[in-house]
Amino acid sequence: MHVSIQRPSWMKSWVWLLVLYSIAGFFEASFWGQMSAFTPLYLTKIGVRPEDVSFWTGAIVFISIGLGLPFLPLWGALADKYARQPIIVRSFAAHVLAGLLAVAAGNVWVFVLARTVQAFSFGNSGLMIATLTEHVPTRRQGFALSIMNSAPAVGAFVGPLLGGPIVDGYGVRMLILINTIVMLLVTLAMALGYRDTHKGTDRGSLMSMAFGAVGLVVRSPRLRGLFAALLFGFSGWMMANTYMALAVRRLYPDERHLGTAVGVVLGVGGLVAMVLSPALGLVADRQGLWRTLRVLMIVVVLLWPLPALTNNLILFGCLWAALNATLSATFALSFGLLSGSATAEQRGRVMTFSYVPVNVAGIVGAAVGSLVTRWSIPAIFPAGAVLTAFGVVLLFYAMRQPAPGVTPELDPALA
């Protein structure tokens, strides 16, 4: 017997969907941020020797992301073949299972399994963006996307800031347990809080659709250019976040309160992003996504070297807040370019890859940072400018390439 759930009319509006997706993204990113920030502290509690913590911290990221990324085409194919909402709910359920495993972990291998299960959540953001863009009026898409995509950026910075006192008072295990309960509530909200009207195409076999999703990106000059542009554009951002603690330590050598200082610098940067991203989204609605993003990336190139020129922590924090907020807005608006560069039939599969540039950028940024920091910690900032400049060049290349299913006369990239 089929049971139909009657939802209030306000739960069917695009505003409600935006609020629901933004809240879910905030808590998901907060969980990711806290797991990343406090993993070194937790490893010593589950039997890892202090001298091995550095190795396992990097190994866990490599193993979990390495095993999670190959499943992205499968999630996109399932969403396009059947429905998006169950695949989105799947991702949040993965966080719940990962949290339970992490809480129960008595050794490093169980914790590695927990982080790997958490990586099986990849692909949800792209599907949510694809769904949201199909509900939001065209004149409000820049604003809506900037809000939705700035929420995870804020969560990633605010999460460790709020989690620090819990770790100090009750331990990492308690923080993970709290996150697991929150993610369970989010999972239920995503399952029951809205009804997705998207209908799957059910065309072809699942494997052919999954491999075809990779082919969609490879065969499209526009998408190839965009993915490369965003990868370089965000590599500097990931590099700066990886080495931010060392950059702050150079200006604030008091080890007793160093964690608080790092948290405040990152937290303020996230809060400024929460205000600036929606404002720039409104600008994008008036001026166009492509034009706005081109200008923002050029501004980022000019802002990058400035934090390296000061020895004052307060001024450094202000400059980083401005740079981080502009990068966050660029990140938020970039999803609109990817979504608009695919046909409606292909959008779900293409958007499951939407976080791949920033995930790979984390690897590239860390690699570049490991080289430039041997010379100087502040060198990460001009290095970020160079990486972003490559991204700008590639963005100009991408905008000149044809988009599938869009005639040149109607292509907003050429406007």
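The values are calculated or read from the model by the stated rules, or taken from the named source; none is laboratory data. Note that the coordinates shown come from a computational prediction; the quantities given were computed from them, not determined experimentally. Note that each Cβ is placed from the backbone with ideal geometry, even for glycine, and that neighbours are counted across all protein chains shown. In case anyone asks, the SASA skips ligands and DNA or RNA and just uses the protein heavy atoms, side chains included. Shrake-Rupley method; radii C 1.70, N 1.55, O 1.52, S 1.80 Å.
Annotations
- Take the Cα of Leu315, step 7 Å toward its Cβ, do the same at Ser376, and the gap between the two points is 1.6 nm.
- Alpha-carbon Debye profile of the stretch 103-172, log10 I(q)/I(0) at 0.11, 0.25 Å⁻¹: -0.48, -1.11
- Around the amide H of Gly193, modelled in the peptide plane, lies no amide H under 5 Å away from a residue 5 or more places distant or on another chain.
- Our note on the geometry: Cα centres of the stretch 266-290 and the stretch 75-105, 29 Å apart.
- Of interest is the spacing of the C-alpha centroids, which for the stretch 171-199 and the stretch 142-157 amounts to 18 Å.
- Solvent-accessible area assigned to carbon and sulfur over the stretch 79-202 amounts to 69 percent, based on a 1.4 Å probe.
- Vicinal HN-Hα couplings computed from phi for the stretch 332-342 (Karplus, 6.51 cos²θ - 1.76 cosθ + 1.60; Hz; Gly/Pro x): 5, 6, 4, 5, x, 5, 5, 5, x, 9, 10
- The chymotrypsin sites (Phe, Trp or Tyr not before Pro) found in the stretch 68-125 include none that occupy coil by DSSP while having at most 13 further C-beta atoms within 10 Å.
- Inter-probe distance in nm under a simple model that places probes 7 Å from Cα toward Cβ, at Leu185 and Asp254: 3.5 nm
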